[in-house]
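The values are calculated or read from the model by the stated rules, or taken from the named source; none is laboratory data. What you see is a predicted model; the values in this text were computed from it and never measured. Please note: Cβ atoms are built from the backbone with ideal geometry, for glycine as well, and neighbour counts cover all protein chains shown.
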Amino acid sequence: MFKLGVDTPNMPNIQQMLASMPNEIPFATAKALTRTSKAVEVDLRATMERVFDRPKPFTVRSTFTKPATKRRLQSTVGLKDFAPKGTAAAQYLQAQIAGGKRRPKRSERALQYRGRLKPGQYMAPGRDARLNKYGNLTAAQVVKALSNVGGQIDTYQNTTSASAKRAGGRKYFWLPNNGIFWRQGKKLKSFMVIASNPNYRQRFDFYGVSQQSAERHLPDQVLRSVNEAISEAARRSGASSGRGGS
């Protein structure tokens, strides 16, 4: 997460700019910080579109802002660490942000739990797999394949002999030390193959982009908040004078 507050280095002194209006300082500061974090989100998403090859909308939309408040003068920009299905962006993007090894995906953890994969082994799309427009296997494909090979953690989700018979047979099967395949005539087609965990280089400089974006946007947002505070103070002063003269 990237935290933006009144004491973040290289940022303008918001309190000094609002010194003549002490009552407006907390609210204006919170607005400036929150608006800047929203602008940082836009820059982070644009960066993901640029550095990743056909990123999924789920990935690009994985940023969020926790707004600042008058009592907590700090806004936060982060990556969502929860996904209803699959792996959260905060987890699978970590290797792209920091470099190094990636964490096992949910499907890989399931295969490890069922004894199909050994520690340190991972899965990669096979050369015969049909990928979607983002260059990935679809969740539906993976779920069906895991069920066919008995790779689901929940045994009730695995394909039984009876359910396979009703569906016209199992499409996918597990080939030890190789991965998940299907048969087309006399040929074996690879769907997901066993691979070692690759070393990733840093591609998405989350913190660097966030810092540079905040430095670029915060001065304008402070000025905007200051002007709004001045206008609001003048409006209240005018309204008060109007009531006193009636």
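Note on the stretch 122-140: among residues that are modelled with pLDDT of 90 or more and outside any loop (DSSP other than H, G, I, E, B), the one that is surrounded by the most Cβ atoms within 10 Å (Cβ to Cβ) is MET123. On inspection, THR65 passes the criterion of being in contact with an Asp or Glu (Cβ under 8 Å, 6 or more places away or on another chain) and buried (at least 18 other Cβ atoms within 10 Å of the Cβ).
Per the conditions (1) touching a residue at least 24 places away in the same chain (Cβ under 8 Å); (2) within 30 Å of LEU33 (Cβ to Cβ); (3) in a loop (DSSP other than H, G, I, E, B); (4) not charged (D, E, K, R), the sole criterion not satisfied by PHE82 is (1).
Which one of ARG54, ARG61, ARG72, ARG50 is farther than 30 Å from GLN221 by Cβ and in the same structural domain as SER225 (by TED's automatic domain parsing)?
ARG54
Screening the candidates PHE58, PHE52 for the property of being modelled with pLDDT of 90 or more and either touching a His at 6+ places or on another chain (Cβ under 8 Å) or under 29 Å from GLN152 (Cα atoms) (or both) yields one hit, PHE58. LYS118 meets all of the listed conditions (1) at pLDDT 85 or above; (2) under 30 Å from GLY208 (Cβ atoms); (3) of a type in the set (D, E, K, R) but one, namely (2).
Checked against (1) assigned by TED's automatic domain parsing to the domain that holds GLN221; (2) under 27 Å from VAL142 (Cα atoms); (3) surrounded by 19 or more Cβ atoms within 10 Å (Cβ to Cβ), LEU111 passes all but condition (1). Hey, any hits in the stretch 101-111 for a residue that's in a loop (DSSP other than H, G, I, E, B) and under 12 Å from the mean Cα position of the chain (by Cα)? No: zero hits.
Could you tell me whether PHE52 is surrounded by fewer than 19 Cβ atoms within 10 Å (Cβ to Cβ) and in contact (Cβ under 8 Å) with a residue 12 or more places away in the chain? For PHE52, the condition - surrounded by fewer than 19 Cβ atoms within 10 Å (Cβ to Cβ) and in contact (Cβ under 8 Å) with a residue 12 or more places away in the chain - is met.
From the list ALA39, ALA32, ALA68, the one residue that fits, being modelled with pLDDT of 95 or more, closer than 16 Å to SER210 by Cα, among the hydrophobic types (A, V, I, L, M, F, W, C) and more than 15 Å from the chain's Cα centre (by Cα), is ALA39. Looking at ASN178, ASN158, just one residue is under 22 Å from ALA110 (Cα atoms), modelled with pLDDT under 90 and not aliphatic (A, V, I, L, M), and that residue is ASN158.
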